[in-house]
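Heads up: the structure comes next, in structure tokens.
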Amino acid sequence: MRNAGNVARLSGYHEPPRSDVKNRSMHITILANRPAMPNLPTVTAFLKEQQIRIVDTETLPVAKTLASTRCAQRWHLQSESADLESIAWSDLGLADYVDVNFQHPSDAISDIKLAVFDMDSTLIQCEVIDELATRAGVGEQVSAITERAMRGELDFSQSFSERLGLLRNLDASTAVEIAKSLPYTDGARELITTLRARGVRTVIISGGFSLFADHVAAELGMDEYFANTLEAVDGLLTGVAIPPIVNAEYKEAKLREIADSMGITLRQTLAVGDGANDLKMLNAAGIGVAFRAKPVVRTQARYQISTVGVDGALYFLGNRPG
């Protein structure tokens, strides 16, 4: 539903006369984790300062199951002087507790055929290696290494081996117990259900572990998964993973490999992840979304979601969710 006066009522920033508008080809998508769009003083003040015109606004639909906790708008912009594509929209939005992402119509993809996802802290609200470490009594040590790796301060493969080594001699049945009670990310089920209904192939490419990925893929109805395999001898973890290791290079290569096998271009792919080891995959995909990511990841990814659930990725696909 079009609502051209909504911004003016919220912020006092008035739309220019329609005769002044020459270009409606650029827009920002705004997502908020509340039932109605809040005032956006930082965003609107910045637009006024930069002489960026709000041509029109749309209120976007939200999935029925999430209607009480989501709202979304698209603001169509025009400027004769500002370089809209160079603005750090994500940082600007965080000041108003919303997600703001810039899109040109050429970026909006309605024919996505493949969607790939990191698992830990993306589809589920935990890092499984940290959960295993807690059971092994080395939780603080492993969590500290995980945190640094996700920020990009440590080489993933090196930190992965170091963390795994601390799990040596943990009973392998512990992983099975943890898998049964994984906490799913807000909006994960809605996102995967919607993508599958549109005929999109959904795949986990995770630096986590296959036992957990198998459970998550089955629970969400996803098509397949690729993850690390924990080695166990006599029912105990050995502290190593069976190669190949799913690192940043593997993730990007697997995305390209699957797309090629489907006969589609990377432009027809969506990738979502949160860690530094996801960046290569995110930047290779047509739509790469950093989800509740560390600053180093958020600032390097083309799209970002920090305030709403992972289902917010649907608004970047050029057609409406639900």
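The values are calculated or read from the model by the stated rules, or taken from the named source; none is laboratory data. Given the structure is predicted, the values throughout are model-derived calculations rather than measurements. We place every Cβ from the backbone using ideal geometry, glycine too, and count neighbours over all the protein chains shown. Heads up: the accessible areas ignore ligands, DNA and RNA and are worked out on the full protein's heavy atoms, side chains in. Shrake-Rupley method; radii C 1.70, N 1.55, O 1.52, S 1.80 Å.
Which residue, S121, S86, S210, has the most motion in a Gaussian network model of the chain that connects Cα atoms within less than 10 Å? Sorting by GNM fluctuation, first place goes to S86. Heavy-atom accessible area with a 1.4 Å probe sorts R196, R201, largest first, into R196, R201. When all protein chains stay in place and ligands, DNA and RNA are ignored, the 1.4 Å accessible-area order of T174, T193, T42, largest first, is T193, T42, T174. Positive contributions from Lys and Arg (+1) and negative ones from Asp and Glu (-1), summed over other residues with Cβ under 10 Å from the Cβ of A259, come out at +3. Using alpha carbon centroids, what distance separates segment 161-197 and segment 45-93, in Å? Comparing the Cα centres of segment 161-197 and segment 45-93, I get a distance of 35 Å. The alpha-carbon of K294 sits under 23 angstrom from the alpha-carbons of these lysines, leaving out residues fewer than 8 places away in its chain: K251, K280. Averaged per residue, the chain has 43 square angstrom of accessible surface, using a 1.4 angstrom probe with ligands and nucleic acids left out. Among residues other than P35 with Cβ under 14 Å from its Cβ, the summed charge is +3 (Lys and Arg +1, Asp and Glu -1).
The largest accessible area among K294, K48, K280 belongs to the first residue in K48, K280, K294, and the rest follow in falling order (1.4 Å probe, all chains).
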